[in-house]
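All remarks here apply to the structure that follows.
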Amino acid sequence: MSRWLVLTRASVLPMTLTAGLVAGLLAVGDKGFSWLWFGLALVGSVLAHAANNLMNDLFDTGVGLDTESYPRALYAPHPILSGMISRKGLATAALFVNLIDLAILLVLFEARGWPVVAFALAGFLLSVAYTAPPLRLKKRGLGEPTVLVVWGPVMVGGAYYAAVGRLPWEIVAASIPYGLLCTAVLMGKHIDKIAWDAPAGVRTLPVVLGEAAARRVTQGLMAGFYVLVVALVIAGALPWPALVALVALPTLAKVWGVFDHPRPDEPPKRFPVWPLWFAAIAFLHTRRAGALLVLGLAVGAALYH
C-alpha cells in the first residue's frame, strides 16, 4: 500500500477528489441524478489522475528529462530512479489502472451514452500528450492550459454529466474557479523548476514568461478564483453559500506575499519537499480554498435540495 501511495503521488490526488465533489454537490438533487453513476465517475476520475502520474514518470524518464539531479527525484522518491519499480513494472501499473478506468467507462457509457466517452477520451488524451512524444504539451508551454481544461470542464463537467445525463452552461462556468487553483499549483511547480527546465529545452509557461512574470500570473490565477466565485454566485451558476470560499482570503494574503519574492536559496528548517517551494505554497492555498468551496456547495445542496 505504501508503495502504491508513493507511485501514484497520492498526496496530490485530493485535488481531483475536490473537483469531483464540486461536480457532485452541484448535481445532487437535480433531475436524473444518480449516486451510483456519480460515485463511479468520481472513482474513475481519481484513478485517471493516478494513472496520469504513473505515465508522467514513465514518459519523462523515457525522454531523459527525469534524472537523479532533476527535482522530481529530489523532493520525493522517483519510482524508477529510486529502484522502487522497473520501467516495465511502472508501465504495467499504468496499464492496470487504465484498464480499471476503461471498465468504469464502459459501465457509464451503457448508462449515459457517448458524451461520457468524449469526456473520458479528452482527459486521457490530454494526460498522455502532457508528457508523451510527439506533442509533449508541457515542453511547449501548453501544460498549464491543459491542467485548467482537465481539472475544470473535463473533470467537473464529465462527472456532472455522468451523474445527471446533461451539462448546462452554468456547470461549465462553475468548473473554472477550481480549475484556476489547480493550474496555480502547476505554475508554482514549474516556477520552482525553471533552473532545470530552461537548460533542458522544456519551455513550460514559467520558462517562457520568466520567473517574475510567472509569479504574477500565478497570483492572478489565485485571485481569479475569488472573483469568479462572486461573479458566478451573482449569475446564479453557484449557490450563495459558495461565498464561504472567501474565508480563504487571509490564506491568499499570506501566500501572495511569498509570491512577491523569488524562491529562497535554501529551504526553511524541516521543509519537506525542497526544491519545490512555490508549488507547496500554492497547494496549501488550493487545499484551503477548495475545501471551503466544497463546504459552501454542501450547504447550498442541503438548503436547496
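The values are calculated or read from the model by the stated rules, or taken from the named source; none is laboratory data. It should be emphasised that the depicted structure is a prediction, and the values quoted were computed from it without experimental measurement. Every residue, glycine among them, receives a Cβ derived from its backbone with ideal geometry; neighbour counts consider all protein chains shown. Note: accessible area is taken over every heavy atom of the protein model, side chains too, but ligands, DNA and RNA are not part of it. Shrake-Rupley method; radii C 1.70, N 1.55, O 1.52, S 1.80 Å.
Worth pointing out:
- Count of residues meeting criterion [in a helix (DSSP H, G or I) and closer than 22 Å to residue 195 by Cβ] in segment 250-305: 9
- Scanning segment 217-236 for residues that are free of Cβ contacts under 8 Å to residues at least 12 places away in the same chain and crowded, with 16+ Cβ neighbours inside 10 Å yields a count of 1.
- Scanning segment 118-160 for residues that are under 18 Å from residue 194 (Cβ atoms) and touching a Cys at 6+ places or on another chain (Cβ under 9 Å) turns up just one, 147.
- Matching residues, segment 46-97, being in a loop (DSSP other than H, G, I, E, B), touching a residue at least 40 places away in the same chain (Cβ under 8 Å), open to solvent by less than 20 Å² (accessible area, probe 1.4 Å) and not hydrophobic (A, V, I, L, M, F, W, C): 70, 79
- Residues (within 20 Å of residue 59 (Cβ to Cβ) and touching a Gly at 6+ places or on another chain (Cβ under 8 Å)) located in segment 80-113: 87, 101
- When residue 32 is tested against (1) open to solvent by 40 Å² or more (accessible area, probe 1.4 Å); (2) closer than 16 Å to residue 154 by Cα; (3) not aromatic (Phe, Trp, Tyr), exactly one condition is not met: (2).
- Here 5, 40 are screened, and the one residue that is open to solvent by 40 Å² or more (accessible area, probe 1.4 Å), among the hydrophobic types (A, V, I, L, M, F, W, C) and at pLDDT 95 or above is 40.
- Boolean, residue 286 is among the polar types (S, T, N, Q), under 21 Å from residue 19 (Cα atoms), touching a helix residue (DSSP H, G or I) at 6+ places or on another chain (Cβ under 9 Å) and buried (at least 20 other Cβ atoms within 10 Å of the Cβ): yes
- Of residues in segment 199-210 being in contact with a helix residue (DSSP H, G or I) (Cβ under 8 Å, 6 or more places away or on another chain) and open to solvent by 60 Å² or more (accessible area, probe 1.4 Å), the one modelled with the highest pLDDT: 209
- Verdict on residue 163 being assigned to a helix (DSSP H, G or I), at pLDDT 95 or above, open to solvent by 30 Å² or more (accessible area, probe 1.4 Å) and at negative phi: no
- Any hit, segment 229-249, residues being outside any helix (DSSP H, G or I) and more than 18 Å from residue 19 (Cα to Cα): yes
- Qualifying positions in segment 98-141 - more than 18 Å from residue 167 (Cα to Cα), part of a loop (DSSP other than H, G, I, E, B) and without any contact (Cβ under 8 Å) to a residue 60 or more places away in the chain: 134, 135
- Among the criteria (1) of a type outside the set (Asp, Glu); (2) under 17 Å from the mean Cα position of the chain (by Cα); (3) crowded, with 21+ Cβ neighbours inside 10 Å, the one residue 146 does not fulfil is (3).
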